[in-house]
1. Could you pull out the residue among Ala304, Ala255 that is at pLDDT below 95 and of a type in the set (A, V, I, L, M)?
2. Which condition from (1) within 23 Å of Ser368 (Cβ to Cβ); (2) assigned to a helix (DSSP H, G or I) is the one that Gly299 breaks?
3. Looking at the stretch 189-231, which of its residues are assigned to a strand (DSSP E or B), in contact with a helix residue (DSSP H, G or I) (Cβ under 6 Å, 6 or more places away or on another chain) and surrounded by fewer than 20 Cβ atoms within 10 Å (Cβ to Cβ)?
4. Can you list residue pairs whose Cβ atoms sit under 6 Å apart, with the first residue in the stretch 350-366 being assigned by TED's automatic domain parsing to the domain that holds Leu285 and the second being in a loop (DSSP other than H, G, I, E, B)? Count only pairs 6 or more apart in sequence or on different chains.
5. Could we say that Lys262 is outside any helix (DSSP H, G or I), surrounded by fewer than 19 Cβ atoms within 10 Å (Cβ to Cβ) and among the charged types (D, E, K, R) here?
6. Please verify whether the stretch 336-346 includes one or more residues that are assigned by TED's automatic domain parsing to the domain that holds Met297, assigned to a helix (DSSP H, G or I), aliphatic (A, V, I, L, M) and modelled with pLDDT of 95 or more.
7. Considering the stretch 110-167 alone, what residues qualify as being of a type in the set (Ser, Thr, Tyr), within 17 Å of Asn212 (Cβ to Cβ) and out of contact with any Lys or Arg (no Cβ under 8 Å at 6 or more places or on another chain)?
Amino acid sequence: MKTTLRGLCVAILTIPAIAQEHGTLTLSYRIQETVHPAEGEPTRTKDAVSVRLHTESFDVLRGRVLVQHDVKAGRVAVIDLDKRHWFPQNLLAALDYRYAELANRRKLTQVLEAANIEDAPIGDLLELETLFGVGREAADAIEKSMDDATFTARSGDGEMTHVEFSSRKIPAPLRRSFSQYLFFSCSLHATARDAIAANGRIPKLLRYTSKNSGVTTRVEMTLQEDPAPVPSPDMSKLRCVHSDHERLGKILSAARALHEQKQIAPKQQLLRQIVRARGAKGHTLDAFLLFLELSWMHGKEDPALIRQVLSTDSARLAVQPLTRHLDGKPHQLLEYLDTIPRDSLTHPYLLDVLRANAHQGLQQPKKSIELLLDALEKNPAMAGALKDLGDTWRVLFDMPAAWSCWDVGRQIDPEHPMFAQVDRFEADLRKRFDDMFR
């Protein structure tokens, strides 16, 4: 979420009123954002934001969109108050994106430097640490000045952050939540967030500058006298759409429904019966593909079933071309899959899962996503396919979609071995931000 701020130049001569209930604190800021493109005239926009702090969470209201952050649980709820729907997000998606994009740009910088390409608008390390709010390697390049009333951070390019504090203190139990709000919503270097937290008082003016691929954005936030109320909607009366991608949202909703209604196990049992029946009638390739579907639905599927289907030499010969191409080159796999008549298969969409993996190997993630969506619309309970879909979304740096796929996949089959990698990745992210999740 962009936070834009530029001081709206009306001097507030009185101490702003602060809305405070037991265990919460609500702050409202007027925002002006000025964007200076690499070429052309700057653009200016005005906005407003209200932030409600709780001891272990915070809510952000901008316009008619309310975003609830439960940092300790690692969950976010994005609520459209007008459309009366909401979708969940994994808070780790934001951390994943920041670290991945920071690493990506640092690597790109090294490549350009090795090629003697100068003045590429990627940004130096300090600019990147400020833009993404992670890392402290470049902190020594920051000049800081502070007293009880102000804090200013500068670099060689000028002012990075300027804060003017009010006389009101943030209650000690809520200071952590305010720091978390600054991390997730404002482009501040970690040293600036540290200074604001150390002061402990409510900023009445917060101004900061970030640079992104040659575009400079300056944001100024001014504390308002009368805080706007932040609603607390009854979530049971709102529709959950699971994702802001329409097709993906429907698939995830269907997968969750199958899980909650305990319909997945009966589907698996029926599928086992079909595998046996197709194998017994000599439709070995079809039975093998159906067993793959079972393994995508249930990661610990008993291999005795497929050994029974492949108990004869002729049966093993029937699946050899497929197994050979699965271990071969992606374009050859696609060519082979095109030779299989779809009308000869019980579930022809299984070919789409295999085709999606081939396109991923060919560096064609968008085609891979379309094929996986097609297949999952037919059987949303394929947790393994959800893992592949999440992996592919992440290649496109759409981390919210990736984590949504992984989260629902792990809900419907928590012990699926394909998600062990995601579990380790999640543990690593939580370790990096241990102080945030404690």
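1. Details: Ala255 fails: at pLDDT below 95.
From the options Ala304, Ala255, the qualifying one is Ala304.
2. Gly299 satisfies all of (1) within 23 Å of Ser368 (Cβ to Cβ); (2) assigned to a helix (DSSP H, G or I) except (2).
3. Just the residues of the stretch 189-231 that are assigned to a strand (DSSP E or B), to begin with: 201-212, 215-223.
Narrowing further to those that are in contact with a helix residue (DSSP H, G or I) (Cβ under 6 Å, 6 or more places away or on another chain): 210-212.
Correct list: Asn212 only.
4. Going by the 6 Å Cβ cut-off, the qualifying pairs are Pro365/Leu396.
5. On the way: outside any helix (DSSP H, G or I): yes; surrounded by fewer than 19 Cβ atoms within 10 Å (Cβ to Cβ): yes; among the charged types (D, E, K, R): yes.
So Lys262 passes the test.
6. Yes: one or more hits.
7. So in the stretch 110-167, the residues of a type in the set (Ser, Thr, Tyr) come out as 130, 145, 150, 152, 155, 161, 166-167.
Subsequent filtering for residues that are within 17 Å of Asn212 (Cβ to Cβ) retains 130, 155, 161.
Within the stretch 110-167, just Ser155 meets the criteria.
The values are calculated or read from the model by the stated rules, or taken from the named source; none is laboratory data. As the structure is a computational prediction, the values presented were derived from the model and not from experiment. All Cβ positions, even for glycine, are placed from backbone atoms using ideal geometry, and neighbour counts span all protein chains on display.
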